[in-house]
Amino acid sequence: AKDKGIEIVPLLNSPGHFGAVLDGVRDENDVPVNFSYNNSNSLDITNGEAVAFGQAVVLKYAQWFWNKGCRTFNIGADEFYTEGGGFGSLSPANYQLFVDYVNGLYDSLESIGYGTIRAFNDGFYYNENRAVDFRPFEVCYWSSGYSGYDYASAQTIQEMGHSLINTH
């Protein structure tokens, strides 16, 4: 890709779509460890050990791609399920844990040197909630929501200072 002038943008989706990673977690005695929320494909962001594990996996992957010349990284952050549903089911405290999780990844990726850090729009200002504070992600707007899922509008995300990519 580098020889052809093509930029590779790696993506490791977290905390949702993380099931394949979570299925393989074992402790030092080779006993399976459950870091998913309620046996879902989503990382349990209410468990500090799970959060540390999830962020470490993403950062190891990101470092490898950084060493290969990638300068943009996408953390995904879409279709996260917890508390019996998606973002609309999150309590305010757990929505803040989601914000803290993705912001923590942003800060760590920025410290590696990534200049552009992307995520999908699902959790950003969910239900037009402007009370939360996200880092300046470049947001890949793929869906305006569907029955029961009230994603923030593209206009809201832009007004909150994010650049957008139409990935619909």
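For segment 66-95, which positions are out of contact with any Lys or Arg (no Cβ under 9 Å at 6 or more places or on another chain), more than 22 Å from Glu128 (Cβ to Cβ) and surrounded by 17 or more Cβ atoms within 10 Å (Cβ to Cβ)?
Trp66, Cys70
Check Tyr151, Tyr146, Tyr126 and return the single one that is open to solvent by 50 Å² or more (accessible area, probe 1.4 Å) and either out of contact with any Cys (no Cβ under 6 Å at 6 or more places or on another chain) or free of Cβ contacts under 8 Å to residues at least 12 places away in the same chain (or both).
Tyr146
Sort through Asp23, Asp44 and tell me the only one that's of a type in the set (D, E, K, R) and open to solvent by 40 Å² or more (accessible area, probe 1.4 Å).
Within the list Asp23, Asp44, the selection yields Asp23.
Only one of Phe80, Phe87, Phe73 is in contact with a Phe, Trp or Tyr (Cβ under 7 Å, 6 or more places away or on another chain), over 30 Å from Ser147 (Cβ atoms) and touching a residue at least 12 places away in the same chain (Cβ under 8 Å); which?
Phe73
Which helices (runs of 4 or more DSSP H) does segment 1-112 wholly contain that include 1 or more residues that are over 23 Å from Cys140 (Cα atoms) and among the aromatic types (Phe, Trp, Tyr)?
So the answer is 48-67.
On the given criteria, is Glu110 charged (D, E, K, R) and either surrounded by 21 or more Cβ atoms within 10 Å (Cβ to Cβ) or in contact with a helix residue (DSSP H, G or I) (Cβ under 6 Å, 6 or more places away or on another chain) (or both)?
It is false that Glu110 is charged (D, E, K, R) and either surrounded by 21 or more Cβ atoms within 10 Å (Cβ to Cβ) or in contact with a helix residue (DSSP H, G or I) (Cβ under 6 Å, 6 or more places away or on another chain) (or both).
Going through Asn127, Asn94 one at a time, which residue ends up being touching a helix residue (DSSP H, G or I) at 6+ places or on another chain (Cβ under 8 Å), at pLDDT below 95 and of a type in the set (S, T, N, Q)?
Being touching a helix residue (DSSP H, G or I) at 6+ places or on another chain (Cβ under 8 Å), at pLDDT below 95 and of a type in the set (S, T, N, Q) holds for just one of Asn127, Asn94, which is Asn127.
I need a count of the residues in segment 10-20 that are open to solvent by 30 Å² or more (accessible area, probe 1.4 Å) and in contact with a helix residue (DSSP H, G or I) (Cβ under 7 Å, 6 or more places away or on another chain).
Looking only at that region, the number is 1.
From the list Glu7, Glu49, which one is within 30 Å of Ser91 (Cβ to Cβ) and surrounded by fewer than 20 Cβ atoms within 10 Å (Cβ to Cβ)?
Glu49
Under 7 Å by Cβ, and 6 or more places apart or on different chains, what pairs join a residue from segment 17-46 that is over 20 Å from Glu83 (Cα atoms) with one that is among the hydrophobic types (A, V, I, L, M, F, W, C) and part of a loop (DSSP other than H, G, I, E, B)?
Val25/Val33; Val25/Phe35; Arg26/Val33; Asp27/Val33; Pro32/Val25
The values are calculated or read from the model by the stated rules, or taken from the named source; none is laboratory data. Only a predicted model underlies this, so the values are computations on that prediction, with no experimental measurement involved. Note: ideal-geometry Cβ built from the backbone for every residue, glycine included; neighbour counts use all protein chains shown. When the accessible area is computed, the model is the full protein with side chains, heavy atoms only, and any ligands, DNA or RNA have been set aside. Shrake-Rupley method; radii C 1.70, N 1.55, O 1.52, S 1.80 Å.
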